[in-house]
Amino acid sequence: MRGSFMGQALDLAKRGIALATPNPMVGAVIVQDGEVVGRGFHTWEGLKHAEIMALEEAGPRARGATIYVNLEPCTHTGRTPPCVDALFAAGIAKVVPLRPILIRWWPVKGFAGCALPACRWRSPSNSRPKPRS
């Protein structure tokens, strides 16, 4: 695995090759005080997302931690509940997505950008926001 936390998330995402389809490959790493306390990657459609797997591994050590994820956490309910709600409930303090520009395409009420405290971007509804034109 790579040394950087985001690099580790990308390496984890690659483990989902041919498993996550039609969903994207996602990897997540939870870091508390410079130590990795949780890891996860998305496997089969309809099962736990990478963020949820990482939260389960981290347990109570997730409170106040930072999560590095190669795709911003989902905010809608499909086959699984929104990952943002689980991150908020676990007390994650900071979310660092690989591509923060994607957030501008899928605006979420109360979310002003990447790597903000999780309490500022809690999912406001169960519907997927429409992209801006």
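The values are calculated or read from the model by the stated rules, or taken from the named source; none is laboratory data. These figures come from a predicted structure and were not determined experimentally. To get the accessible areas, we keep the full protein, side chains included, count just its heavy atoms, and leave off ligands, DNA and RNA. Shrake-Rupley method; radii C 1.70, N 1.55, O 1.52, S 1.80 Å.
Seen through its C-alpha gyration tensor, with square-root eigenvalues sorted a ≥ b ≥ c, region 43-95 comes out prolate because a/c lies at 1.5 or above while a/b is bigger than b/c. Per-residue surface analysis assigns I17 an accessible area of about 110 Å², computed on protein heavy atoms at 1.4 Å probe radius.
Phi angles across region 67-76 convert, under the Karplus curve 6.51 cos²θ - 1.76 cosθ + 1.60 with θ = phi - 60°, into 3J(HN,Hα) values of 10, 9, 9, 7, 9, 4, x, 6, 10, 10 Hz, Gly and Pro given as x.
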